[in-house]
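Below is one structure, written out as structure tokens, with a few remarks after it.
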Amino acid sequence: MKIEFAPIEIPTSGSLIIFLAEGDGLTEFAKSVDTFTEGAISRAIELNSYDAKLYSTLIIEAPHGLSLNRILLCGLGKASEFSILNIQRAGATALKALAHCKEESVDLAIESFSEMGMTDVNLALEIAYGLKLGSYKFSKYFTNEKNSVSSISINTANVLVNDHLDAQNIFSIRSEVAKGVNLARDLISEPGNVKYPEAIGRDIMNLQELGIDVKLLKKNELEKLGMGALLGVSQGSEKEPIVAIMHWKGNPNSSKETPVALVGKGVTFDTGGISLKPSGGMEEMKYDMAGAGAVIGTMRALAGRKAKCNVVGIVGLVENMPDGKAQRPGDVVTTMSGQTIEVINTDAEGRLVLADVLYYAQSKYSPSVIINLATLTGAVVVTLGSHMAGVFSNNQNLADNLINAGKYVGEDIWQLPLDVRYDKEINSAIADMKNVGKSREAGSIAGAQLLQRFVGNTPWAHIDIAGVAWMKGSENSIVPKGASGFGVKLLDRFVNENYEDL
Ligand code: BES
Ligand code: ZN
Ligand code: ZN
């Protein structure tokens, strides 16, 4: 969706969206539209007892006195409900309320209310951001766009606001974050036959245009590094594994070259391997690279908005397939760290991939923090469902900073424990550890404990996004059904709050 900014005046055609606050009457602009339409707005409000509750909408078709097709009123709710998240969602809700109208563009009149404590420009910024996130659709594979179920035809939004040039300027920075989220959503939505490891590697190479240093480690280099756990996962696949490194050096003055390392699980398709998954729903396992998708999207966001920070993003891209060459349950693999792992279940492959990538990140870059994102366990879906991700950390300050960043952007994460008693459960009879804990008990923690064994003393957090990366239904108006892009906004905000020179 193209988003443009223009001075606030009454448009002469198409549809106009006006935002109202509950109990606050008409804004100056709304009053003038009301006057031109000989009271169409105030009459519609009265006839429908419309009170501008948060996300409520009211359409006034073909208003008298103006050549507009329709006016849509959208509620921002009460003063106590004014928050940037609610405003972003109201923007997207208004757009969706016009989905049936088959128009190509729409105008949105933005005027703040005194109680909001927000300038017109900031209100316009948040609404525009909501539009950019909420209008996302993955329609690449429809030969005819009309076959798409989510067929909003609107492709341009004109945001009408005082100081429209200021609004345009700050939005040009924020929209880079939305582009990062939408890139993650695209990569995650793509099927496994299209976005296999090398294909994602090629997409990552394109990030060089934004000033990101990219390096792809191919199979022979991974062998030289001794990444036996990652290679064991990929050995049943025809597709070559790739570890991709994206380095954004946005702060040349920083005392530390790489304070933040972001690591992502990128299993481009998870069949389970020889411990084959049941066929029902297996098609969704294309999203088992959502951790990598979030890291790639975050790097795109940081570079796009030229963040003044140094961050390395590393993703382990493999496909988990059953085959004559695939690893067997019971196999023992040697990781890059030297530690050995007995592979009890080939479907617990994410931790095997991350064991090597986390160790690589830690030993190669000595970062101040490592944060990894992974669709690691079905168990976290049982624990937290699809509204929150699980976070595990060996450093409470880091966990708190991530939780706070998540709250701010509407990507909630809930802390789950690490403990030596759970750690013992992954000890193996024949190797340093096994890749599963006690069957059916505390499965997400067992996964996290294994990862912890590969980060040394580095402050580290693991975010298990298995439940939030793929939405069975739309979570809210800015998080669509399907790939949510969860993690990009959170990591971008975390870096911004904690590691960016402003
Ligand atoms: N990719 C899955 C986890 C997953 C499950 C992601 C559901 C998204 C939705 C992971 O590789 C896996 O299969 N984990 C196993 C681990 C078990 C064998 C210890 C699981 O959760 O069942
Ligand atoms: Zn698996
Ligand atoms: Zn997996």
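Filter the chain for me: DSSP H helices, axial length by Cα at least 18 angstrom, mean Kyte-Doolittle hydropathy not below 1.0. List them by residue number.
290-304
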Separation between Cα centres of the range 195-267 and the range 444-488, rounded to whole Å:
19
Positive-end residue of G324, A128, Y422, charge dipole of the chain with Cβ unit charges
G324
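Could you sort S172, S477 by their accessible area in this structure, using a 1.4 Å probe and putting the largest first?
Highest to lowest solvent-accessible surface, that is S172, S477.
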If you take the square roots of the eigenvalues of the alpha-carbon gyration tensor of the range 391-502 and sort them as a ≥ b ≥ c, do you get rounded (a/c under 1.5), prolate (a/b over b/c) or oblate?
oblate
Once E38, E475 are ranked on solvent-accessible area with the largest value leading and a 1.4 Å probe, the list reads E38, E475
K140: which lysines have alpha carbons under 25 Å from its alpha carbon, excluding same-chain residues fewer than 8 sequence positions away?
K2, K96, K102, K132, K179, K195, K239, K265, K286, K472, K481, K489
Provide the net charge surrounding A379, with neighbours chosen by a C-beta distance below 11 Å and charges set as Lys +1, Arg +1, Asp -1, Glu -1.
-1
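Where does each of E425, E145 land when they are ordered by accessible area, with a 1.4 Å probe and the largest first?
Values: E425 45, E145 85 Å².
Ranked from most to least accessible, the order is E145, E425.
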Put +1 on the Cβ of every Lys and Arg and -1 on every Asp and Glu Cβ in the chain; which of L230, P7, N158 then has its Cα farthest towards the positive end of the dipole?
L230
Quick note, the chain: a/c under 1.5 would make it rounded; otherwise a/b > b/c is prolate and the rest oblate (a ≥ b ≥ c, C-alpha gyration tensor); here it is prolate
Karplus 3J(HN,Hα) series, Hz, for the range 64-81 with 6.51 cos²θ - 1.76 cosθ + 1.60 (x for Gly, Pro)
4, x, 10, 8, 5, 6, 6, 10, 10, 8, 10, x, 9, x, 7, 3, 5, 9
Provide the packing ranking of 67-74, 356-363, i.e. peptides ordered by the mean count of other C-beta atoms within 10 Å per residue, highest first.
356-363, 67-74
Straight-line reach only, C-alpha to C-alpha below 19 angstrom: list the aspartates and glutamates that K308 could link to, leaving out same-chain residues fewer than 8 apart.
E176, E209, D213, E257, D492, E497, E500, D501
Would you work out the charge dipole size for the chain about its Cα centre, treating the Cβ of every Lys and Arg as +1 and the Cβ of every Asp and Glu as -1, and quote it to the nearest 20 debye?
1180
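With each run of n ≥ 4 DSSP H residues scored as -39500 (n - 2.57), what mean residue ellipticity at 222 nm is computed for the chain after dividing by its residue count and rounding to the nearest 500 deg cm²/dmol?
So the helix-based figure for the chain works out to -10500 deg cm²/dmol.
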Checked the range 357-414 against the a/c 1.5 cut and the a/b vs b/c comparison, axes a ≥ b ≥ c from its Cα gyration tensor; verdict oblate
Among G473, G437, G410, whose Cα projects farthest towards the positive end of the dipole of the range 179-498, with charges put on the beta-carbon of Lys, Arg (+1) and Asp, Glu (-1)?
G410
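The values are calculated or read from the model by the stated rules, or taken from the named source; none is laboratory data. The structure presented is a predicted model; accordingly, all values stated were derived computationally and were not measured. Methodologically, a virtual Cβ is constructed for each residue, glycine included, from the backbone with ideal geometry; neighbour enumeration extends over all protein chains shown. With ligands, DNA and RNA removed, areas are computed over all heavy atoms of the protein, side chains included. Shrake-Rupley method; radii C 1.70, N 1.55, O 1.52, S 1.80 Å.
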